[in-house]
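Written below as structure tokens is the structure these notes are about.
The values are calculated or read from the model by the stated rules, or taken from the named source; none is laboratory data. Please read all numbers here as calculations on a predicted model, not as lab measurements. Note: ideal-geometry Cβ built from the backbone for every residue, glycine included; neighbour counts use all protein chains shown.
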Ligand code: ADP
């Protein structure tokens, strides 16, 4: 087992990883930018090293500075968290070359799923249903037009290197296809250094449902059921839950989805924690869209309903330990709901709202967990994603989990900050949420109606 782990991230996830390590008696090294000297992940860690100025390119994405910090402190492994370097195969390779353990999958698995056109082909070859679309990237506009005709409009043009909802265009009719192809290629090239694009049929009114998987280095793997992440704005998840209320009404679907996720993992010899994402039509048809080769923001809802410590397992697996979880012993207990609390202004199209946080007092209560990235007196700077905290409520049933989340949000001390708290509470109190009657467009419509 490792004696010392460097956490190459910031905010709530870095604080959480440090906390898990402390619990296991593993020493931690925090790295931070000049803007984050007073952040909780820095205060919690045993050692901290400033790796550069505030912009991520000069600090949290500076691979040389991070590797140097690991060497200087004698860390044996690096946990990348999510975002930042977590899906960077080149960084994972550099860790290997430097004799450091990257806590995550091997670089080849990251590469295999990082190109989304290739990931589709891999999933399809493993027998996992994929959305009807192109076989791999399309560079010829006439070929793209023929594929779009065959699968039928509306279609989505997606950048093969895309992520975070960037580099995706909905095309309703043939006349608009060429422009979408061109703009998607430009966007892919400028944002991800990859101009390849592919086509998918647009599934109307879908839900976004994903499956958590865990594989060890010895070929043993399990799934930890699904998460429902349908409530999104601009393709960014806002409220996530486990289990999915839709799947719980159609339990036969659960087995199919979870088996498909395991098959996708097995197809690439996956090791460590990963998430296989699907769009699910209202008719229950499900289709692979991508695999995230890292820990997800919303992993706590899975931890709540299964009692499994995902970060703990990531560390154990990276250290070579066998995964001792057996599928037949894993069960779902109750319902968990996660709300992402952002420093943003719902009255101004949810623009990030940096500024001081004079009060920051997370609530405590039965079944309530808060993974916080800030402490009172800290400043929310414009350099990073404005996620303040994740609030997770767990209860024996969904209605109680919803009520707990709502009450805990109300009790969160945030005076003086502009946040999306009231917006999230309004969603939790809406009858459509109670009925779990929503699709991926629901939250956007709800926000417009309130504006
Ligand atoms: P990213 O990697 O940018 O997050 P994804 O491929 O995961 O992109 O898609 C993001 C979101 O876009 C999904 O959660 C879903 O809401 C929507 N989406 C993606 N593909 C489709 C599709 N074929 N049909 C309908 N909606 C889709």
Here is a list of conditions, (1) away from the ligand (no atom under 14 Å from the Cβ); (2) without any contact (Cβ under 8 Å) to a residue 60 or more places away in the chain, and residue 202 meets all of them except one; can you say which number that is?
(1)
What are the pairs, 6+ residues apart or on separate chains, where a residue within region 162-181 that is in a strand (DSSP E or B) has its Cβ under 7 Å from a residue that is modelled with pLDDT of 95 or more and surrounded by fewer than 16 Cβ atoms within 10 Å (Cβ to Cβ)?
170/154; 171/153; 171/154
Sort out which residues of region 413-451 are over 25 Å from residue 400 (Cα atoms) and in a loop (DSSP other than H, G, I, E, B), and write them in order of number.
415, 416, 417, 418, 441, 451
What helices (runs of 4 or more DSSP H) completely inside region 76-153 contain at least 1 residues that are within 21 Å of the chain's Cα centre (by Cα)?
89-97, 107-114, 116-125
Determine if region 290-313 includes at least one residue that is within 22 Å of residue 387 (Cβ to Cβ) and assigned to a strand (DSSP E or B).
yes
In region 93-126, anything in contact with a strand residue (DSSP E or B) (Cβ under 7 Å, 6 or more places away or on another chain) and under 18 Å from residue 214 (Cβ atoms) is listed as 101, 102, 103, 104, 105, 113
So which residues in region 260-289 are within 26 Å of residue 170 (Cα to Cα) and in a strand (DSSP E or B)?
275, 276, 277, 278, 279, 280, 286, 287, 288, 289
Any residue at all in region 182-197 that is closer than 30 Å to residue 260 by Cα, surrounded by fewer than 15 Cβ atoms within 10 Å (Cβ to Cβ) and more than 16 Å from the ligand (Cβ to nearest atom)?
no
Among the numbered conditions (1) outside any strand (DSSP E or B); (2) more than 13 Å from the ligand (Cβ to nearest atom), tell me where residue 213 comes up short.
(1)
I'd like to check something: does region 99-119 contain any residue that is farther than 26 Å from residue 66 by Cβ, crowded, with 19+ Cβ neighbours inside 10 Å, touching a helix residue (DSSP H, G or I) at 6+ places or on another chain (Cβ under 6 Å) and in contact (Cβ under 8 Å) with a residue 40 or more places away in the chain?
yes
Before we move on, is residue 257 touching a strand residue (DSSP E or B) at 6+ places or on another chain (Cβ under 6 Å), surrounded by 19 or more Cβ atoms within 10 Å (Cβ to Cβ), modelled with pLDDT of 95 or more and assigned to a loop (DSSP other than H, G, I, E, B)?
no
All positions within region 279-325 that are farther than 24 Å from residue 9 by Cβ, under 20 Å from the mean Cα position of the chain (by Cα) and within 12 Å of the ligand (Cβ to nearest atom)
279, 280, 286, 287, 288, 289
Given the residues 131, 157, which is the only one that is buried (at least 17 other Cβ atoms within 10 Å of the Cβ) and either in contact (Cβ under 8 Å) with a residue 60 or more places away in the chain or away from the ligand (no atom under 15 Å from the Cβ) (or both)?
131
